[in-house]
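Chemist: Before I ask anything, here is the structure I am working with.
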Amino acid sequence: MIESLITSKTRIKLLLRFFLNSETTGYLRSLETDFGESTNSIRVELNRFEHAGLLNSNYDGKKKVFYANTSHPLYSDINNMLKKMIGIDQIIDNILEHIGYLHSAYLTGSFAEGKDSKNIELALVGNNLDERYINDLVTKTETYIKRKIAYLILTQEELVRRYENKSILLIWKLN
């Protein structure tokens, strides 16, 4: 879908990396490894984003580390667009209606690290969640968004223990 609007695959990868999870950082060589693309194409796009004010950077030794400028006026719009692109908004809206007591939902795995993937991994924190209902929703949503969805139901303590040194992204929380 977004490929129709943005034709640069490198640009799409960078958008996902930095704008899906605001805590994600990256430097040129790490992005080259993760994306499997030339440093030159990545450097050109990083410079464009930085020049436009969408990315900020600082130096960690000799490495120039990039991160999303969350105060940019377009940050939340880009973030929402990417969530819609991968189907997170659809998943959450469908789940909340009849799921039981859901306290919070987290994106884990590749997307939490800002990497595109054919698989969406979720951690659902709550009590007495209706797994049969969740499975039905997952099946329907997978067909709609054309991605596989894996989920875990955890307590808050289990979430902390399981993802202690891993990237997770809060995508919904009970107010």
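Chemist: I need every pair where a residue in segment 82-108 that is within 14 Å of residue 149 (Cβ to Cβ) has its Cβ under 7 Å from the Cβ of a residue that is at pLDDT below 85 and among the polar types (S, T, N, Q), sequence separation at least 6 or different chains.
Modeler: Every condition considered, the pairs that remain are 87/141; 90/141; 91/141; 94/141.
Chemist: Further question: Tell me which residues, restricted to segment 114-129, are more than 13 Å from residue 167 (Cβ to Cβ) and free of Cβ contacts under 8 Å to residues at least 60 places away in the same chain.
Modeler: Selection gives 118, 119, 120, 122, 124, 125, 126, 127, 128, 129.
Chemist: Collect the residues in segment 109-163 that are within 30 Å of residue 9 (Cα to Cα) and assigned to a helix (DSSP H, G or I), keeping them in residue-number order.
Modeler: Scanning segment 109-163 gives 109, 110, 111, 112, 138, 139, 140, 141, 142, 143, 144, 145.
Chemist: Another one. Counting only residues that are in contact with a Leu (Cβ under 7 Å, 6 or more places away or on another chain), under 25 Å from residue 74 (Cβ atoms) and not charged (D, E, K, R), how many does segment 29-53 have?
Modeler: Here the count works out to 3.
Chemist: Go through segment 142-175 and give me each residue that's touching a helix residue (DSSP H, G or I) at 6+ places or on another chain (Cβ under 6 Å) and closer than 26 Å to residue 25 by Cβ.
Modeler: 167, 168, 169, 171, 172
Chemist: Hey, can you tell me all the residues within segment 125-175 that are small (Gly, Ala, Ser) and either closer than 17 Å to residue 113 by Cβ or exposed (fewer than 13 other Cβ atoms within 10 Å of the Cβ) (or both)? Break it down stepwise before answering.
Modeler: If we filter segment 125-175 for residues that are small (Gly, Ala, Ser), which is where we start, we get 126, 150, 167.
Scanning segment 125-175 gives 150, 167.
Chemist: Which condition from (1) within 16 Å of the chain's Cα centre (by Cα); (2) modelled with pLDDT of 90 or more is the one that residue 118 breaks?
Modeler: The failed condition is (2).
Chemist: Also, I was wondering about something else. Can you tell which of 117, 110 is out of contact with any helix residue (DSSP H, G or I) (no Cβ under 8 Å at 6 or more places or on another chain), under 21 Å from residue 19 (Cβ atoms) and among the polar types (S, T, N, Q)? Break it down stepwise before answering.
Modeler: Working: 117 fails: out of contact with any helix residue (DSSP H, G or I) (no Cβ under 8 Å at 6 or more places or on another chain).
It is 110.
The values are calculated or read from the model by the stated rules, or taken from the named source; none is laboratory data. It should be emphasised that the depicted structure is a prediction, and the values quoted were computed from it without experimental measurement. Here Cβ is always computed from backbone atoms with ideal geometry, including for glycine, and neighbour counts include all displayed protein chains.
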